[in-house]
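Here is the structure we will look at, set down as structure tokens.
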Amino acid sequence: MKKLLSVMLILMLSFGLVACGGNNQEQPAAGNQQAAEQAADKLVILYEQDDSMINNYSVIAVNPAAPFVDADGNAVSDVAVNTVGAKALIDWLMSDAAKALIADYGVADYGEYLFYLKDNAPVSTAEIPAATEDTKVVRLSTTTSVNDSGLLAYLLPTFEQEYGYTVEVASAGTGKAIAAAKAGNADLILVHSKSQEEAFVADGFASVLDGYEAERLTFMYNYFVLVGPESDPAGCKAAPSVKDAFQLIADGKYTFVSRGDNSGTHTKELSLWSADLGITKDAESVKDYSWYVYSNAGMGTCLTMAGEQGGYILSDKATFLTYQANQK
């Protein structure tokens, strides 16, 4: 019996040596190999600063007498809009102090500007009143890009500490951010979709504040960027225009992650596809495109999806640089 056990032990050790030695030691585990491949093909900016990719941001005060409606179009009553708080925040955003902060944001961390000031942006030198018990809470409905990029977290503490306000930020795609204001759930909006902003104004939901000439105050911008895997299988980087780059993605049926949420980024993306593709904000329009991922999610989530799937995506540059820094 002892002799049999000894033979078995020798055999087990022999097989153990074979399993632990030779070529098996040189092959990485499947998970490690996949991680290495993903790291080697990280998301990068492939196309930027095309004239058609400027991304303007506007701030608009909500009209307290607006025809507020819920998501089903039913009238909403008893809406209280903090017009004093909204004007205080807007006046501050248009001040030299706030604009200096906006212009500086990102340079120290990313080595480049994340947002730029419009040359013809409104200017305010109005005296900003300190908050009172009735005016201290200001509801800001805004796009994900100014939130996910970290800009609001950088700006708002200065405003709050100096004047005593508390800004409650609700962040969503521009379409949803505007819908929240239409339902009476915001005092002002900060968004980036001109057509939707103009419709908001035309439908009576916006106010012209004292000291300004229009409801819609466009004051800063950055750029949309086409992002994709560093290997760029579609060859977008060499395309003569961003629309040509989008055509290459469609022609090759390369994975593309869309916001799909009627946001400003989604609206811009739709304008870059060839009309022949018939891609609209309706999910049904892309049901036959297996390469097109209709996510209905925010910018940060969509960038993560694109990274995991090795896909292409349209992003605002500020949010992408923040995402890229977090990946590092």
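Derivation of every value follows stated rules applied to the coordinates shown; laboratory data play no part. Every value quoted in this text rests on a predicted model; they were computed, and no experiment measured them. Cβ: placed from backbone, ideal geometry, glycine included. Neighbour counts: every protein chain shown.
Structure values in brief
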read-out: Residues whose placed amide H lies under 5 Å from that of Glu168, excluding near-sequence neighbours; value: Val138, Arg139, Leu140
read-out: Interchain or long-range residues, amide H under 5 Å from Leu46's placed H; value: Leu226, Val227, Gly228
read-out: Centroid-to-centroid separation of region 146-188 and region 76-111 [C-alpha atoms, Å]; value: 8
read-out: Span-rule helices in the chain, defined as complete DSSP H runs reaching 20 Å or more along the axis (Cα) with Kyte mean at least 0.0; value: 2-20
read-out: Reach of Lys281 by Cα under 15 Å, taken over aspartates and glutamates that are not fewer than 8 positions away in the same chain; value: Asp261, Glu269
read-out: Under 26 Å from the Cα of Lys99 - lysines, other chains or at least 8 residues apart; value: Lys87, Lys118, Lys136, Lys194, Lys268, Lys317
read-out: Projected area, mean over directions - the chain, Cα convex hull, nm²; value: 26.1
read-out: Computed P(r) (all Cα pairs; region 128-185; 5 Å bins; percent); value: 4, 19, 24, 21, 19, 12, 1
read-out: Inverse of mean 1/r across different Cα pairs in region 55-221, Kirkwood, Å; value: 16.0
read-out: Cα radius of gyration and Dmax for region 146-276 (Å); value: 18.3, 54
read-out: The chain, helix-only ellipticity at 222 nm - DSSP H runs n ≥ 4, -39,500 (n - 2.57), divided by all residues, nearest 500; value: -12000 deg cm²/dmol
read-out: Local electrostatic count at Leu209 - Lys and Arg +1, Asp and Glu -1, tallied over other residues with Cβ under 11 Å; value: -3
